[in-house]
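Reviewing the structure listed below.
The values are calculated or read from the model by the stated rules, or taken from the named source; none is laboratory data. Source: prediction; values computed, not measured. Methodologically, a virtual Cβ is constructed for each residue, glycine included, from the backbone with ideal geometry; neighbour enumeration extends over all protein chains shown. The protein model used for the area step is the full one, side chains on, heavy atoms only, and it has no ligands, DNA or RNA in it. Shrake-Rupley method; radii C 1.70, N 1.55, O 1.52, S 1.80 Å.
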Amino acid sequence: MWRSAPRGPQRIVPDGCLDLVAGDGEVFVAGPDTGAWSSLTAPGAVLHGLRFRPGAAAGVLGVAADELRDTRVPLAELWGHEGAVLAAQVLDGTLSLADVARRRPAEPDPAVTAVVAHLERGPSRVGALPAPLGQQQRYEQQLGKRQLGERQLRRRFTIAVGYGPATYLRVTRFQRAIAAAPRSTGLAELAATAGYADQAHLARDCRALTGLTPSAYFS
């Protein structure tokens, strides 16, 4: 859960997550971003959000995460009349965002969860998908399903997370740079700490994900 009381426009950069957000007279789902966008609310508005763990939102929301990529969708549009009723109850304080999410409980795909954990450990590239998937493959074979292939897994990852493993790795690496920035003495050190090949690699990703140069963004 998070709370924000912005004093002006905020630059929102990709973080690999989906959020259910309430405030400023609306309840909406913020899909996974591939680029920066500007959030502008009315003066004095307070936003409350529920952030789903990567890969957990699609089952709860009932829609593939990649269909929500780079979008802001009102809950009423996503869930119809039920969504409109729930949104009104959230805005008047009758329900919390957590109450809304509990209406449609769903377990994350364990194979996707394994890939997310692998990528968050910070490999230099996606490469072959991780060994922990063997356990999931054996489980699916016991259920009479075919062995989970890498192409099928990548598709399941995209549906659950909102984009493929390579883009997710790029986003999480930049988030590591954001977290490490206050403790870094310069951009070269920051690039090495976050797992970039070099400072130029950090610069390319920073421009792509924020629309700014590293010097401008991290200042």
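Taking the listed residues VAL116, VAL112, VAL90, the one that is in contact with a strand residue (DSSP E or B) (Cβ under 6 Å, 6 or more places away or on another chain), in a helix (DSSP H, G or I) and either closer than 22 Å to VAL13 by Cα or in contact (Cβ under 8 Å) with a residue 40 or more places away in the chain (or both) is VAL90, with no other qualifying. Restricting the range 200-213 to residues that are surrounded by 16 or more Cβ atoms within 10 Å (Cβ to Cβ) and farther than 15 Å from SER124 by Cβ leaves a set whose member that is farthest from the chain's Cα centre (by Cα) is ALA203.
For THR34, the conditions (1) touching a residue at least 60 places away in the same chain (Cβ under 8 Å); (2) open to solvent by less than 50 Å² (accessible area, probe 1.4 Å) all hold with the exception of (2). If you go through the range 109-126 and pick out every residue that is open to solvent by 50 Å² or more (accessible area, probe 1.4 Å) and either within 16 Å of LEU61 (Cα to Cα) or among the aliphatic types (A, V, I, L, M) (or both), you end up with 0.
In summary, VAL85 fulfils each of the numbered conditions (1) part of a loop (DSSP other than H, G, I, E, B); (2) over 15 Å from ILE159 (Cα atoms); (3) open to solvent by 20 Å² or more (accessible area, probe 1.4 Å) with the single exception of condition (1).
Taken over the range 88-108, the criterion of being open to solvent by 40 Å² or more (accessible area, probe 1.4 Å) and of a type outside the set (Gly, Ala, Ser) is satisfied by GLN89, LEU91, ASP92, THR94, ASP99, ARG102, ARG103, ARG104, PRO105, GLU107.
Can you tell which of ALA216, ALA191, ALA177 is buried (at least 20 other Cβ atoms within 10 Å of the Cβ), assigned to a helix (DSSP H, G or I) and more than 21 Å from the chain's Cα centre (by Cα)?
ALA191 is the lone residue from the list that is buried (at least 20 other Cβ atoms within 10 Å of the Cβ), assigned to a helix (DSSP H, G or I) and more than 21 Å from the chain's Cα centre (by Cα).
Across the range 37-57, which residue is most open to solvent (accessible area, probe 1.4 Å) among those that are of a type outside the set (Lys, Arg) and in contact with a Phe, Trp or Tyr (Cβ under 9 Å, 6 or more places away or on another chain)? If we take residues in the range 37-57 being of a type outside the set (Lys, Arg) and in contact with a Phe, Trp or Tyr (Cβ under 9 Å, 6 or more places away or on another chain), then HIS48 is most open to solvent (accessible area, probe 1.4 Å).
So, ARG3, is that one under 18 Å from the mean Cα position of the chain (by Cα) and open to solvent by 40 Å² or more (accessible area, probe 1.4 Å) or not?
For ARG3, the condition - under 18 Å from the mean Cα position of the chain (by Cα) and open to solvent by 40 Å² or more (accessible area, probe 1.4 Å) - is met.
Would you check if there is a residue in the range 70-78 being within 14 Å of the chain's Cα centre (by Cα), surrounded by 17 or more Cβ atoms within 10 Å (Cβ to Cβ) and at pLDDT 95 or above? So far as the range 70-78 goes, no, none of its residues is within 14 Å of the chain's Cα centre (by Cα), surrounded by 17 or more Cβ atoms within 10 Å (Cβ to Cβ) and at pLDDT 95 or above. Considering the conditions (1) farther than 21 Å from PHE157 by Cα; (2) in contact (Cβ under 8 Å) with a residue 24 or more places away in the chain; (3) in contact with a Phe, Trp or Tyr (Cβ under 9 Å, 6 or more places away or on another chain), GLU77 is excluded by exactly one of them, (2). Here ALA197 meets the list (1) in a helix (DSSP H, G or I); (2) open to solvent by 50 Å² or more (accessible area, probe 1.4 Å) almost entirely, failing just condition (1).
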